[in-house]
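Visitor: Sharing a structure below in structure tokens format, with a few things to ask.
The values are calculated or read from the model by the stated rules, or taken from the named source; none is laboratory data. Being a predicted model, the structure only gives us computed values, none of them experimental. FYI the Cβ positions are ideal-geometry reconstructions off the backbone, even for glycines, and counts take in every protein chain you see.
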Amino acid sequence: MYQIILKNGLIWDSATSSAIQKDLSIENGKIACIGPIHENEQTIGRLTNVIDVSGAMVLPGLIDMHTHIYPLAAFGTSAEASCFSSGVTAALDCGSAGAANYEKRRAVIDSSRLQIKTLLNVSSTGVLSGRINENIDPGLFDRGKIRELAVKYKGEIIGLKIRQGAEIAGELGLKPLEAAIDLAEELGLPIMVHCTNPPGSLDDMVNLLRKGDVLAHVFMGKGSTVIDPNGCVSKAVQAAHERGVLMDAANANAHFAFSVAEQALNEHFYPDIISTDQTINSLYRRPNSYNLLHIMSKYMDMGMEFSRILDCVTRIPAKWMGLEDSEGEISVGRPANLAVIRLLNEPAVFGDYTGVIKTGHQFLKNMMTIKNGILVYRDQEI
């Protein structure tokens, strides 16, 4: 017997990058049927939740691949409250914890319906606060404990994280990143590097990255950026992308500049990942970074195709995070991880860290989130 039936929704088909109006039913946490539903006593009971979602898109649950969702961390947010309301069914915490405090902070993973995976910060403390930076001196990496945790929580810890800004690295330059990559190589893990205001040239930084590594905040505007002195996307950055380095938008409140993003998009240099870098300093902070749908809407306004944007928050992060079997697509038999989204043709305001404000004409709004067949968020309008 079906637990939920979504009637008249525009069901997204990843294979054709299109949406077709159909019904969708959920039974025992999985998608049971897509198409005409025969309503009888075997399929519908007293507790079946039948919801008319006419005019809304039924999408794979969104994946936010750059968050800070340990609520006890200095600028961590509440995982379920912030993600489910945004249509997010899976998230990656990016280095909120390090070797010294990972096991204390990971309790949120076991107690959440949200699918959470993590990157372990190479700094033992993880991210401390917005005012106090972590120590990334390679001599202080607790390599033994990092190895121990990577083995103990294999599949949960899926990579390492380092923040490599000049204000953090200081005179160490790129030595911390080099050491972190050596450690990641030893562990067989990728690394994500925070690149805002790099110590020196961004080209030197990306030249170190390997296939599967992630460059976060790719459209930031502080210091050396992906745009070279000639006003074009750097050849080194393009080469890194071609060899398989993933480009993560991770806009946040302070890591996005229209001047950089628009030039890159004009050259058809697109992000692989669109994410929030969600913290208490960026969540619900209009006009820069309200939530993941707000950032997706910003990229729509800059002319990026919706199907490409959707891949950046579903199929691509699902593959990188090892979630291809449960997230990223809609088909019969798969876990029912879904976001019901409306595209509203109304004014929307978008900003960047420099103070540039732009007004768009449409935005995405979450109406409903379903995680493993359970209705975890529903807007009062649907």
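Visitor: Just the residues that are buried (at least 18 other Cβ atoms within 10 Å of the Cβ) and either in contact with an Asp or Glu (Cβ under 8 Å, 6 or more places away or on another chain) or more than 16 Å from VAL58 (Cβ to Cβ) (or both), please, taken from the stretch 20-43.
Guide: Selection gives ILE34, ILE37.
Visitor: Still on this structure, please answer the following. Suppose the filter is of a type in the set (A, V, I, L, M), touching a residue at least 40 places away in the same chain (Cβ under 8 Å) and surrounded by fewer than 22 Cβ atoms within 10 Å (Cβ to Cβ); does ILE168 pass it? Give the steps one after another, and end with the answer.
Guide: Values: of a type in the set (A, V, I, L, M): yes; touching a residue at least 40 places away in the same chain (Cβ under 8 Å): no; surrounded by fewer than 22 Cβ atoms within 10 Å (Cβ to Cβ): yes.
It is false that ILE168 is of a type in the set (A, V, I, L, M), touching a residue at least 40 places away in the same chain (Cβ under 8 Å) and surrounded by fewer than 22 Cβ atoms within 10 Å (Cβ to Cβ).
Visitor: Filter the stretch 83-117 down to residues that are assigned to a helix (DSSP H, G or I) and either surrounded by fewer than 24 Cβ atoms within 10 Å (Cβ to Cβ) or aromatic (Phe, Trp, Tyr) (or both), then give me how many there are. Break it down into steps so the answer makes sense when it comes.
Guide: First, the residues of the stretch 83-117 that are assigned to a helix (DSSP H, G or I): 83-84, 102-105, 107-110.
Those left that are additionally either surrounded by fewer than 24 Cβ atoms within 10 Å (Cβ to Cβ) or aromatic (Phe, Trp, Tyr) (or both): 84, 102-105, 107-110.
Final tally of qualifying residues: 9.
Visitor: So, one more: Given the criterion over 28 Å from GLU186 (Cα atoms) and in the same structural domain as GLU186 (by TED's automatic domain parsing), identify the matching residue among ILE132, ILE136, ILE109. Step through it out loud before you land on a result.
Guide: Values: ILE136 fails: over 28 Å from GLU186 (Cα atoms); ILE109 fails: over 28 Å from GLU186 (Cα atoms).
Exactly one of ILE132, ILE136, ILE109 is over 28 Å from GLU186 (Cα atoms) and in the same structural domain as GLU186 (by TED's automatic domain parsing), namely ILE132.
Visitor: Where in the stretch 12-59 are there strands (runs of 3 or more DSSP E), lying fully within it, with 1 or more residues that are under 27 Å from the mean Cα position of the chain (by Cα) and at pLDDT 95 or above?
Guide: Values: elements: 18-27, 30-34, 49-52.
By residue number, 18-27, 30-34.
Visitor: While we're looking at this one, here's another question. Being crowded, with 23+ Cβ neighbours inside 10 Å, of a type in the set (S, T, N, Q) and at pLDDT below 95 is the filter here; which residues of the stretch 220-264 pass it?
Guide: Within the stretch 220-264, just ASN251 meets the criteria.
Visitor: Please determine, by comparing only the residues of the stretch 204-232 that are under 24 Å from the mean Cα position of the chain (by Cα) and not in a loop (DSSP other than H, G, I, E, B), which one is nearest to GLY139 (Cα to Cα).
Guide: That would be MET205.
Visitor: Of the residues in the stretch 170-203, how many are in a helix (DSSP H, G or I) and either closer than 23 Å to GLU242 by Cα or hydrophobic (A, V, I, L, M, F, W, C) (or both)?
Guide: Residues flagged as in a helix (DSSP H, G or I) and either closer than 23 Å to GLU242 by Cα or hydrophobic (A, V, I, L, M, F, W, C) (or both) within the stretch 170-203 amount to 13.
Visitor: State the number of residues belonging to the stretch 112-123 that are among the hydroxyl-bearing types (Ser, Thr, Tyr) and within 16 Å of ILE191 (Cα to Cα). Walk me through how you get there before you give the answer.
Guide: Within the stretch 112-123, the subset among the hydroxyl-bearing types (Ser, Thr, Tyr) is 112, 118, 123.
With within 16 Å of ILE191 (Cα to Cα) added as a condition, the list becomes 118, 123.
Total meeting the criteria: 2.
Visitor: Please pick out the residue among ALA264, ALA240 that is closer than 19 Å to GLU305 by Cβ and part of a helix (DSSP H, G or I).
Guide: Values: ALA240 fails: closer than 19 Å to GLU305 by Cβ.
Only one candidate qualifies: ALA264.
Visitor: It is to be established whether one or more residues within the stretch 157-164 are more than 20 Å from the chain's Cα centre (by Cα), in the same structural domain as ALA79 (by TED's automatic domain parsing), buried (at least 23 other Cβ atoms within 10 Å of the Cβ) and in a loop (DSSP other than H, G, I, E, B).
Guide: Going through the stretch 157-164, the residues more than 20 Å from the chain's Cα centre (by Cα) turn out to be none.
Among the residues of the stretch 157-164, not one is more than 20 Å from the chain's Cα centre (by Cα), in the same structural domain as ALA79 (by TED's automatic domain parsing), buried (at least 23 other Cβ atoms within 10 Å of the Cβ) and in a loop (DSSP other than H, G, I, E, B), which makes the answer no.
Visitor: Right, something else. Given the structure, is ILE69 part of a loop (DSSP other than H, G, I, E, B), modelled with pLDDT under 95 and crowded, with 24+ Cβ neighbours inside 10 Å? Can you show your working first?
Guide: Numbers: part of a loop (DSSP other than H, G, I, E, B): yes; modelled with pLDDT under 95: yes; crowded, with 24+ Cβ neighbours inside 10 Å: yes.
Yes.
Visitor: Now a separate question. Any residue in the stretch 356-374 that is under 17 Å from LYS7 (Cα atoms) sitting within a Cβ distance under 6 Å of a residue that is of a type in the set (Phe, Trp, Tyr)? List the pairs, counting only those 6 or more apart or interchain.
Guide: Pairs that qualify, where the first residue is under 17 Å from LYS7 (Cα atoms) and the partner is of a type in the set (Phe, Trp, Tyr), are THR369/PHE84; THR369/TYR377.
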